[in-house]
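The values are calculated or read from the model by the stated rules, or taken from the named source; none is laboratory data. Fair warning: this is a prediction, and the values are worked out from it, not measured in the lab. Heads up, the Cβs are rebuilt from the backbone with ideal geometry, glycines too, and the neighbour counts pull from every protein chain shown.
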Amino acid sequence: MDVTGFRVIGHPAGRTEGPDKTTGGALYAFDVCPPGTLWAKALRSPYPAARIASIDTSRAEALPGVRAVLTGGDVAGRLQGRQVRDVPLLAQDVVRFAGEKVAVVAADDEETAQRAAGMIAVEYEEMTPLLDAQQAAQPDARLIHPGMGAYEGFRRPPAQPSNVFFSATFGIGDVDAGFAEADLVFEDDYYCARTHPAFFEPRCCVVSVESGGRAHVWSSNKTPFGLRQALALALGIDEETIVVHPVHVGGDFGSKTAPFDEPLAYLLSVRTGRPVKMVMDQVEDLGAGNPKHAAVMRVRTGVKRDGTITAHLQEMYFDSGAYAGLMPLGALAGVDRIAANWYIPNARFVQHHVYTNNLPGGYMRGPGEVQGSFAMESHLDEVARRLEMDPLEFRIGNILREGQRTPMNELFAEVRAGETLRAAVERSGYGGSKRPGAGIGIAMCARPAGGGESYAEVVLNADATVVLKTPIFEPGTGAYTMFAQVAAEVLGVRVASVDVQVWDTDAVPFDSGVAGSRTTRMAIPAVHEAAEAALEGLLQAASAQTGWPVDALTSEDGQIWHGGTESISWTSVVEAAGGTISGRGHSQVTGQPEHTAFAAQVAEVEVDEETGQVRILRFTSAHDVGTIINPIAHQGQINGAVVMGFGYALQEELLTDAGRVTTLSLADFKLPNVADLPALETVLVPSTAGAAPYNAKAIGEVPLLAVAPAIANAIRDATGVRMKSLPVTAERVLAALRGRDAGVIPSPEGEGTRFSAG
C-alpha cells in the first residue's frame, strides 16, 4: 500500500494499551471490588422444559454469610433484552432451557454463595422439550411463549403467537420466472452446528447502588449505552440514574453485547445495600451463554447449461433457542449481506428465527452471514461441478461487476470482486498440480461496514501531548491504537504522544458501541473531526499571538510552523491560551455505505481416507482494502478471523444431549491451536475508496465468512464428497467416504444433491 504523504497512517504501530495489558495494569470487570462487595451465584435449571411446582429457599437463607436470595416471584413481570424483551430475570413458572436461572444468592464470598445456591430445593414438572427448529416451526407445535403478544421489541411481530417469532424475505427480480428460464435446477440442504465464541475472560459484572438510587456498573460488555438502556428498561428506572464505567473487555467476538446478570446484581445491591459481583464461570458460559445459532438451510439454484445463474432461492431456519432478547436486533442482521459477490438477476432469501428449548443464541462474528455463506458458497461450487465446469470458470461467469446490483438489490460503487478473486487465484497457485489426496477450493464473500453513532474529544496540552477521549469500550481489536494514529496524523505528533482515555456513560449522550464492523466507519470520523477541531483551535491561537495567517500555519512535532522557515512552540501557544486547547467530534452514519469490501479465499487441504482427518496445507486470503491505518492490526484481524474459521469449519461444536450442553470445558469444545495452522498467505488488493476518513475500509468480519466453504469445497475437490454439515469432523468425513464407496453421497437429510431439468 502506498503511504506516501502520511506520517503515521499506514505505518505499523504497537497497541496503545499493550503495556497495561501485558503488565497486569489493565482494569477488567473482574478486578473491580468496591469495599463490602458481595458475591452472587445463580441456581440453574437442569431441564430444558419444565414447570416450576415449588421453590424452597429456607436452607439457603439460613446459611451463615448469606445476605439475600431472589426467586422468580421476587422479579415477576420483569423482562430484559437488547431489543426484544422476552428474557425473565429469573424463570417464572416455567423453565425454557437447561441452564436457565431459577434463583440467585448473594453472600459474603463466592464459596458461600455457590453453596447456598445448591441448597435451594426446586420441584419441577418436566415437559417434552422442543429441540428441533423445523419441528418447532410447525403450526401445531407447542408454543414455547404463549404470551409473546405482550413482549415489546419485535421488528415484525407475528400476527398470532408462534414459535417462528421473526421471518423476512428479501431479494431481487422474479424468482419464479428465473427458474422457468433455467435449463437445470439444483437443490441442496446444509446444516451448521451451534458454536461458542470461546473468549477467555468470563462474563462478569459489578453493580453498586447508592442509597439515593445512583447505580454504578462495571461489566464485561462492549456496548455500554445499550447495556444502560436495557438495564433501565428491565428495572423500570431512568437511564440517567445508571453510569457504566469503562473497563477492558477480554475478548467477545460479537457476543458481549446483551445484558446477562446486571439486573440481578442491581436488585441484590438494592436489597443488601452493598456492591454485588456476579461472574459466570466457563461451565456456565458454555452451557448457558449466547452461542452462534445452529441453522438449517435449503438452497435452490437454476442455471443455463453454459453456467449462467438464472435464479436462486435460499430458505434458512435459525434455532434461536429459548429467547430472542440476546440478539441486538431481535434477529440476525447479517443474513441480508450474504451473496454480494454474485450477479444473480432473480434471487430470494427467506429467513426464519424459531423459538426452541435450546440455549438462546446471540451474536457472534458474522451473525447469520457465516451460516448463509457456507450454504451458498458450497452449493454453487457443487452446481459448477455438476455442470462439469471448473468452479473458477463458473465464478468468473457469474461474478458481480461494476454497475450490477447484488442479489439483495444493493448497488455498490467500485466493485472489485473480480480483481480480488484473481489475486487469490494467482497467489494460491489454483489450477496447478496437486499431490494425491489433496484438493483445492475457492469461496468468496463481501461485507460492508455497519453504521452507528459516536463522539470523541481531543485535548492538546502545553507539553505537546494529546489526550483523546472516546466512549468506545474496546474488546481487543486495536481500535484505540487506530484512534491514536488518526489523531497523531492530523496533529503532526508521534503516536506515543497520544493518551487514549475512555469516557463513562455520563460523558456523552450515546455511543453505538463496537459491533458489526462499524468502528472504522462510525468512530474514526468522530476522532478525525475532534482532532481537526483541536488543530484549528491551536492554529487560530498561534495566529492571534504571532499575526501569521492561519492558512499558512502547520503543526509538526510540537512546533507551529509558518512557511517552513519560522516557528513558535506548541507550549507557548497552549500556555497563552489557558493551558489546554480542545476539539470535539460527533459522527452519525446510517444505512448502507457506498462501498463494500470483497474477500476471496482459497484452501488447499489433504484428506486421509483411512481416518477422515482433514489437514489444511495452505490458505490464501485476498482482500479488497482501502487505506490501512495500522498494518499490524489489519493483518491480525485477518489471521484471527481465518483461524476462527478453521475452528468453525473443522472442530467447534456445542454438543447437546436432550437439550443439555455436554461440551462444558475448552478441553471438550475443541479450538484450533498453533499445531493446526498451515501457511497463511494474505494478498491485499488496493482500492481508492472507503467508508471512513483516509478511505479506510472495515476488516473485522469479512475474513471469516468464506473460510468454511473454501475448506468444504477443497474437501469436495479432494474426495468427490460434498460435506453439508459443519463442523466437518473426521468422523463425518469418514462416514461420507464410506457412503461414497457404497455409491451414496450423504447430506444432513440423508440425500444427495437433487437436480431436475428446468
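Among the residues of the stretch 567-581, the ones that are crowded, with 16+ Cβ neighbours inside 10 Å and within 16 Å of residue 536 (Cβ to Cβ) come to 5 in all.
Name the residues in the stretch 467-484 that are over 23 Å from the mean Cα position of the chain (by Cα) and buried (at least 24 other Cβ atoms within 10 Å of the Cβ), would you? 468, 484 - these are the residues of the stretch 467-484 that are over 23 Å from the mean Cα position of the chain (by Cα) and buried (at least 24 other Cβ atoms within 10 Å of the Cβ). Counting the residues of the stretch 242-258 that are crowded, with 24+ Cβ neighbours inside 10 Å and not in a loop (DSSP other than H, G, I, E, B) gives 2.
Looking at residue 133, is it among the aliphatic types (A, V, I, L, M) and closer than 30 Å to residue 309 by Cβ?
So residue 133 passes the test.
Put simply, of 402, 410, 414 the only residue that is under 13 Å from residue 343 (Cα atoms) and at pLDDT below 95 is 410. Filtered by the rule that a residue be surrounded by fewer than 14 Cβ atoms within 10 Å (Cβ to Cβ) and small (Gly, Ala, Ser), the stretch 15-30 gives 18, 24, 25.
Return the residues of the stretch 151-199 that are of a type in the set (Gly, Ala, Ser) and either part of a loop (DSSP other than H, G, I, E, B) or closer than 26 Å to residue 291 by Cα (or both); say none if nothing qualifies. Break it down stepwise before answering.
Residues of the stretch 151-199 that are of a type in the set (Gly, Ala, Ser), as a first pass: 153, 159, 162, 167-168, 171, 173, 177-178, 180, 182, 193, 198.
If the condition is that a residue be of a type in the set (Gly, Ala, Ser) and either part of a loop (DSSP other than H, G, I, E, B) or closer than 26 Å to residue 291 by Cα (or both), then 153, 159, 162, 167, 168, 173, 182, 193, 198 are the ones that fit.
Just to be sure before I move on: is residue 658 free of Cβ contacts under 8 Å to residues at least 12 places away in the same chain and not hydroxyl-bearing (Ser, Thr, Tyr) in the structure I sent? The answer is no for residue 658. Just so you know, in the stretch 68-100 the residues that are buried (at least 23 other Cβ atoms within 10 Å of the Cβ) and of a type in the set (D, E, K, R) include one that is farthest from residue 117 (Cα to Cα), and it is 82. So, residue 496, is that one of a type in the set (A, V, I, L, M, F, W, C) and surrounded by 20 or more Cβ atoms within 10 Å (Cβ to Cβ) or not? The answer is no for residue 496.
Modelled with pLDDT under 95 and of a type outside the set (Ser, Thr, Tyr): is that true of residue 448 in this structure?
Answer is yes for this residue.
Residues of the stretch 292-307 that are part of a loop (DSSP other than H, G, I, E, B) and within 25 Å of residue 328 (Cβ to Cβ): 293 alone.
Residue by residue, here is whether (1) free of Cβ contacts under 8 Å to residues at least 60 places away in the same chain; (2) crowded, with 18+ Cβ neighbours inside 10 Å holds:
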{"position": "178", "(1), (2)": "no, yes"}
{"position": "181", "(1), (2)": "no, no"}
{"position": "186", "(1), (2)": "no, yes"}
{"position": "200", "(1), (2)": "yes, no"}
{"position": "209", "(1), (2)": "no, yes"}
{"position": "213", "(1), (2)": "yes, no"}
{"position": "217", "(1), (2)": "yes, yes"}
{"position": "222", "(1), (2)": "no, yes"}
{"position": "226", "(1), (2)": "no, yes"}
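Meeting the requirement of 1 or more residues that are in contact with a Lys or Arg (Cβ under 8 Å, 6 or more places away or on another chain), the strands (runs of 3 or more DSSP E) wholly within the stretch 554-622 are 580-589, 597-607. Of all residue pairs spaced 6 or more apart or on separate chains, those with beta-carbon atoms under 6 Å, a first member in the stretch 601-618 that is under 13 Å from residue 429 (Cα atoms) and a second member that is surrounded by fewer than 19 Cβ atoms within 10 Å (Cβ to Cβ) and of a type in the set (Gly, Ala, Ser) are 618/679. Going through (1) more than 27 Å from residue 714 (Cβ to Cβ); (2) in contact (Cβ under 8 Å) with a residue 24 or more places away in the chain one by one, residue 394 falls short only on (1).
Would it be correct to say that residue 194 is touching a Lys or Arg at 6+ places or on another chain (Cβ under 7 Å) and of a type in the set (D, E, K, R)? Yes; evaluated as a whole, the condition is true for this residue.
Rundown of residues vs (1) part of a helix (DSSP H, G or I); (2) among the small types (Gly, Ala, Ser), yes/no style:
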| site | (1), (2) |
| --- | --- |
| 225 | yes, no |
| 232 | yes, yes |
| 240 | yes, no |
| 260 | no, no |
| 264 | yes, no |
| 268 | yes, no |
| 274 | no, no |
| 287 | yes, yes |
| 290 | no, no |
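Evaluated against (1) closer than 30 Å to residue 487 by Cβ; (2) hydrophobic (A, V, I, L, M, F, W, C); (3) modelled with pLDDT under 95, residue 638 falls short on exactly one condition, (3).
Screening residue 564 with (1) touching a residue at least 40 places away in the same chain (Cβ under 8 Å); (2) exposed (fewer than 14 other Cβ atoms within 10 Å of the Cβ) gives one miss only, at (1). Considering the conditions (1) of a type in the set (D, E, K, R); (2) touching a residue at least 60 places away in the same chain (Cβ under 8 Å); (3) closer than 24 Å to residue 321 by Cβ, residue 142 is excluded by exactly one of them, (2).
Selection over the stretch 662-712 of residues that are more than 23 Å from residue 727 (Cα to Cα), more than 23 Å from the chain's Cα centre (by Cα), in a loop (DSSP other than H, G, I, E, B) and of a type in the set (A, V, I, L, M, F, W, C) gives a count of 1.
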